[in-house]
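Colleague: One structure, pasted below without further comment.
None of the figures in this text is laboratory data; all of them are computed from the coordinates on show. In this text the structure is predicted, and so the values were computed from the model without any measurement. Quick reminder, even Gly has a Cβ in these numbers, built from the backbone with ideal geometry, and neighbours come from all protein chains shown.
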Amino acid sequence: MDLITFHSLMGGRLGSALTVLLSAIVATLITVTLHRGGISLIKRLANGRPFTTNLTRVAFNASQWCMIVFGLRIVLAGAPTDTPGLVAMSHIASVALIVALTWFAMKCIESLSLTIAQLNPVDVADNLRARRLITQARVLTRSAHAIVLVLGLSFVLLTLPGARQIGASLLASAGVAGLVAGIAARPVLGNFIAGLQIAFSQPIRIDDVLIVNGEWGRVEEIKGTYVVVRIWDERRLIVPLQWFIENPFENWTHTSSTILGTVFLWLDFSVPIEPLRAELERICNDSPIWDQRVCKVQVTDANDRAMQLRFLISAQNAGDAFELRCVIREGILGYVAEHYPHGLPRVRSSLDPLEMAPPANRPEALDTIIDGHPHAKA
């Protein structure tokens with residue numbers, strides 16, 4: 001090869017490379033312009049629809065990169081065959097396009113989940129249906145993300161030279177390796193399957209009130225492998241998904257957010273029930289968190305010293321029920337201490353029956369007590 005031929009060859013390759021570079025720049029500008037124009041048009045046609053709004057916002061970057069890489073792939077497909085590094089650039093562009101499409105698919109799934117959450121707010125009185133749909137959406141979104149990610153990685157590997165040979169080698173040695181991998185991956189697969197079971201059968205949902213291992217809390221988040229339970233004192237209990245399938249637990253809001261609350265008190269037999277019932281109704285009527293369904297007083301037990309009273313009330317949710325129970329407990333104890341101080345149970349012994357009589361029935365001569373013995377006033 002003489003010098004003139006070499007220079008002409010190098011000039012042709014450099015010219016081809018320069019042409020491809022300029023074409024790539026032009027294609028990028030065109031695709032970015034088309035993408036922005038298309039997004040604006042879609043927003044106008046959507047007229048504020050939640051899914052389209054979320055999609056154009058969440059998947060904006062992913063869709064833009066999809067168009068840019070697609071434009072570069074078209075440029076490389078039409079490039080001269082003598083362009084330096086054409087095969088490597090074409091392969092990189094193909095891999096980049098698969099990655100961008102995988103990213104875009106994951107963002108579309110995320111947009112759908114956000115739309116479901118917006119259309120079903122949980123900050124309402126009756127949010128059972130909303131919590132059910134949001135729980136399904138979040139669990140299925142994470143499962144779909146994992147599936148899309150695995151598919152995208154598989155397509156990337158298929159573009160690599162020798163990928164089929166690698167797969168054949170893995171299949172040939174899948175005996176012991178498959179057994180070991182299966183044992184090692186059992187917790188991960190178990191949690192994945194448990195997540196699908198929770199999404200469809202829904203023993204728990206977002207914002208459900210649970211008793212887990214003796215702890216009272218709300219379901220704050222359902223992740224891919226575990227559940228975050230927010231305890232009443234702001235702690236977080238991390239529980240694997242599979243635990244909820246294999247162990248019993250209490251769900252206070254499984255069928256409805258409304259709940260009954262109880263307050264138990266031990267009082268003396270001399271305390272009348274009707275004034276306490278009237279006082280309970282007064283406290284409930286004055287409380288804005290009582291839902292006006294249940295307000296009862298019942299004697300549920302008795303022994304040789306006192307009787308047990310159960311104050312039964314209802315509320316819209318577990319938090320209101322707990323707050324109302326505290327209010328009723330404080331109010332009833334204050335009422336008894338003020339009107340029937342003798343009615344609070346206590347261990348005492350006396351040989352004089354007048355000491356056990358209510359204050360209204362005691363003779364004034366017993367108003368002065370010295371060293372535990374009654375003495376008349378001077």
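Colleague: Taking every alpha carbon pair in region 31-84, what does the distance histogram look like in 5 angstrom bins from 0, in percent?
Modeller: Going out from 0 Å in 5 Å bins, region 31-84 shows 4, 18, 22, 18, 13, 9, 6, 5, 3, 2 percent.
Colleague: Moving on. If you average 1/r across every pair of different Cα atoms in region 258-325 and take the reciprocal, what Kirkwood value do you get, in Å?
Modeller: Details: mean 1/r = 0.0806 Å⁻¹.
So the Kirkwood estimate lands at 12.4 Å.
Colleague: Quick check on region 218-268: take the gyration tensor over C-alpha atoms, sort the square-rooted eigenvalues as a ≥ b ≥ c, and tell me if it's rounded (a/c under 1.5), prolate or oblate.
Modeller: On the way: a/c = 2.47, a/b = 2.09, b/c = 1.19.
Prolate is the answer for region 218-268, as a/c is 1.5 or above and a/b outweighs b/c.
Colleague: Given region 35-119, report the % of alpha carbon pairs whose separation exceeds 16 Å.
Modeller: Everything past 16 Å amounts to 59 percent.
Colleague: While we're on this one: Highest mean first, how do 153-159, 321-327 rank when packing is the count of other Cβ atoms within 10 Å averaged over residues? It would help to have the intermediate numbers written out before the result.
Modeller: Details: 153-159: 13.4, 321-327: 17.6.
The packing order, highest mean first, is 321-327, 153-159.
Colleague: Long-range amide H contacts for LYS223: which residues qualify at under 5 Å (H placed 1.01 Å from N, peptide plane, sequence gap of 5 or more or a different chain)?
Modeller: Residues meeting the amide H criterion: VAL228.
Colleague: Out of the GluC sites (Glu not before Pro) in region 198-301, which ones are loop residues according to DSSP with at most 11 other C-beta atoms within 10 Å? Let's see the in-between values first.
Modeller: Details: sites: GLU215, GLU220, GLU221, GLU234, GLU246, GLU250, GLU279, GLU281; in loops: GLU234.
In loop regions of region 198-301 (DSSP not H, G, I, E or B), the sparsely surrounded GluC sites (Glu not before Pro) are GLU234.
Colleague: Taking the Cβ of PHE264 as the centre, find all other residues whose Cβ is under 11 Å away and add up their charges (Lys, Arg: +1; Asp, Glu: -1). Don't skip to the end; give the middle numbers.
Modeller: Numbers: positive: ARG310, ARG325, ARG329; negative: ASP301.
That sum, taken over residues with Cβ under 11 Å, equals +2.
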